[in-house]
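Here the structure is laid out as structure tokens; the discussion comes afterwards.
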Amino acid sequence: MIEGKISGLRANQVKALERIYRRKIPADELITGELARYLTELSHELKRQLGLIIDRSGTIQYVIVGDDREIVIPDLSRYSLGRSGLRGLRCVHTHLKQEPLSRDDLTDLELLRLDVMAVIGVGEDGLPSHFSYSHLLPTKQKSQIELIDLDDFHHFDLDYSAFIRALDQEMERVAAETIDLSDGRERALLISVGQGSRQRVEDSMAELDELARTANLVVIDQVIQRPRKLNPRFLVGEGKLREIIISALQQRATLLVFDQDLTPNQIRSISESTEMKVIDRSQLILDIFAKRAQSRDGKVQVELAQLKYILPRLSGKGTAMSRLMGGIGGRGPGETKLETDRRRIRDKIRRLEKQLDSLGRGRVQRRQKRIRAGLPIVSIVGYTNAGKSTLLNALTQSDVLTEDLLFATLDTATRRLRFPLDREVIITDTVGFIRDLPPSLIGAFKATLEELEDADLLLHLVDLSNPRYDEQIRAVDKILNDLELGTQQRLLVFNKIDQVSAEDLPNICRRYEAIAVSALSRESFNPLLSEMQHRFWPEEDVSLT
């Protein structure tokens, strides 16, 4: 295939390029002397750089026509990386002024994971002169390159098939020492670009790492950058983005996860620089929701939130559409297909909204039935992974799913909690909140929020063992206030007190006016139950023992 700037070429020159494309190179040759001469003579005649992309069988996949300064390598994504991390392709091109490999050449070698990047200098007589080639080195550290410079192309002597076989084996051996190549999970590099305090950025990154673990990703590395000014196109600087991508490729990442929400334009721009999928924090949370929703309500709400999130980002190359929608918006869709996909998404959004309205009427009827029963309603709210489901299970002796993961509970669970004298309250477990929750995700909390509106008491459960518990309290309070639930009666409850200092606990509880429990120990519940009983039946003094 002939690529590049072929306009302006004469018919005989195009035929010369076609003859090059039909050439076959022996397996033990990087490039033959005859083909190198043919290439440099034509490059000299055209006053343009020419390049070849050659696979390991010696077949020329692309002939590239550039200008007098550079060639532009076409999209090679259909050639997947092997177990060694190399693509199985080499690039050989000409330089009109006999200059060695440029920084851009070496960057392409790293970004595209080519077997070899080589350049042939075009002499004043059009014959091959200077010759340079480079390849990646097997290393566990930062990507390293070996560069070989020869004054004369004809001094080049290399058994290419033996060389590439040895390089491939060594690259795979080194990779196997640090990477489990049999692990089929996605491998993610996490990136945070923030202008807040270092502590806040690091805390947010720690949370992103937990989200990645919940999504069953293998986190291979983390990158934190605190620039003075955010890049509107890439979020990070263009040079820094190249470094990130090169590092991710070396470590066999399949996914770049940004802690900050990316605009559709940013996702497109970043995706154009890499074949890896690019997602942000919101999309990661949506993916977790999609995996964990069990009820019909929850599944419809999550799918609706996903579609609304994806629609403006549909044309983004490399966004993880397949993880969310079974392949809609794959690489490089045509404009007609893209418009068709958008129309289908809009139609499905309308259908899901109608379905959600119907399901919502059923939820309203169930809530009204509980309200008519005259029982107090208590909703457990709090930051994700604070222990809400564990507390519900312990209070009501039930078996709601509990896991040490963020968003282990997505669907609401309702149980009855019995007090002495045949007193009862209805208690509900709700999805956990998380700070900086994007407005686009609020819809996925709809069922939970409706439950909270009817609650007579919100038990705000806090993981006291988390060093960021104070910040998590503020994050939950902010979300509740944003949802116009700030006037709801609340009771702050500190959980996991078995993991904190017993000496500090009384002072912390007094400062926050909170009650302390351990959801794993029913013996610690008496103060909480007494306070709830006092709030709902203040006229009665009933012993809990």
Has segment 135-156 got at least one residue that is over 22 Å from Tyr21 (Cα atoms), assigned by TED's automatic domain parsing to the domain that holds Arg37 and in a helix (DSSP H, G or I)? yes
So how many residues does segment 224-251 have that are under 10 Å from Leu189 (Cβ atoms) and either modelled with pLDDT of 90 or more or surrounded by 19 or more Cβ atoms within 10 Å (Cβ to Cβ) (or both)? 4
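Each row is one residue, and each column tells you yes or no for (1) closer than 21 Å to Leu491 by Cα; (2) at pLDDT 65 or above.
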site	(1), (2)
Asp341	no, yes
Leu356	no, yes
Gln368	no, yes
Gly382	yes, yes
Asn385	yes, yes
Thr396	yes, yes
Asp399	no, yes
Ala408	no, no
Asp411	no, no
Would you please name the residue that is modelled with the highest pLDDT, looking only at residues in segment 17-50 that are β-branched (Val, Ile, Thr) and more than 43 Å from the chain's Cα centre (by Cα)? Thr40
Based on what the data block shows, is Arg361 of a type in the set (Lys, Arg), at pLDDT below 75, outside the structural domain of Glu272 (by TED's automatic domain parsing) and part of a helix (DSSP H, G or I)? yes
What strands (runs of 3 or more DSSP E) completely inside segment 187-282 contain at least 1 residues that are within 11 Å of the chain's Cα centre (by Cα), over 16 Å from Leu111 (Cα atoms) and without any contact (Cβ under 8 Å) to a residue 24 or more places away in the chain? 277-280
Can you pull out the residues in segment 75-94 that are outside any strand (DSSP E or B), within 20 Å of Tyr21 (Cβ to Cβ) and either without any contact (Cβ under 8 Å) to a residue 60 or more places away in the chain or among the aromatic types (Phe, Trp, Tyr) (or both)? Leu76, Arg78, Tyr79, Arg87, Gly88
Does Ile71 satisfy being touching a His at 6+ places or on another chain (Cβ under 9 Å) and either over 19 Å from Phe163 (Cα atoms) or in a helix (DSSP H, G or I) (or both)? yes
Only one of Glu471, Glu450 is among the acidic types (Asp, Glu), over 23 Å from Glu207 (Cα atoms) and either assigned by TED's automatic domain parsing to the domain that holds Cys509 or at pLDDT 80 or above (or both); which? Glu450
Is it true that Pro527 is at pLDDT below 90 and out of contact with any Ser or Thr (no Cβ under 6 Å at 6 or more places or on another chain)? no
Considering segment 104-153, residues that are modelled with pLDDT under 90 and basic (Lys, Arg), and then whichever is surrounded by the fewest Cβ atoms within 10 Å (Cβ to Cβ), we arrive at Lys142
The one condition in (1) outside any strand (DSSP E or B); (2) at pLDDT 90 or above that Lys97 fails to fulfil: (2)
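Matching residues to (1) free of Cβ contacts under 8 Å to residues at least 40 places away in the same chain; (2) surrounded by 17 or more Cβ atoms within 10 Å (Cβ to Cβ); (3) under 24 Å from Ser398 (Cβ atoms):
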| site | (1), (2), (3) |
| --- | --- |
| Glu471 | no, no, no |
| Leu492 | yes, yes, yes |
| Lys496 | no, yes, yes |
| Ala502 | yes, no, no |
| Glu513 | yes, no, no |
| Ala516 | no, yes, yes |
| Phe525 | no, yes, yes |
| Gln533 | no, yes, yes |
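The values are calculated or read from the model by the stated rules, or taken from the named source; none is laboratory data. Not measured: the values here are computed from a predicted model. Every residue, glycine among them, receives a Cβ derived from its backbone with ideal geometry; neighbour counts consider all protein chains shown.
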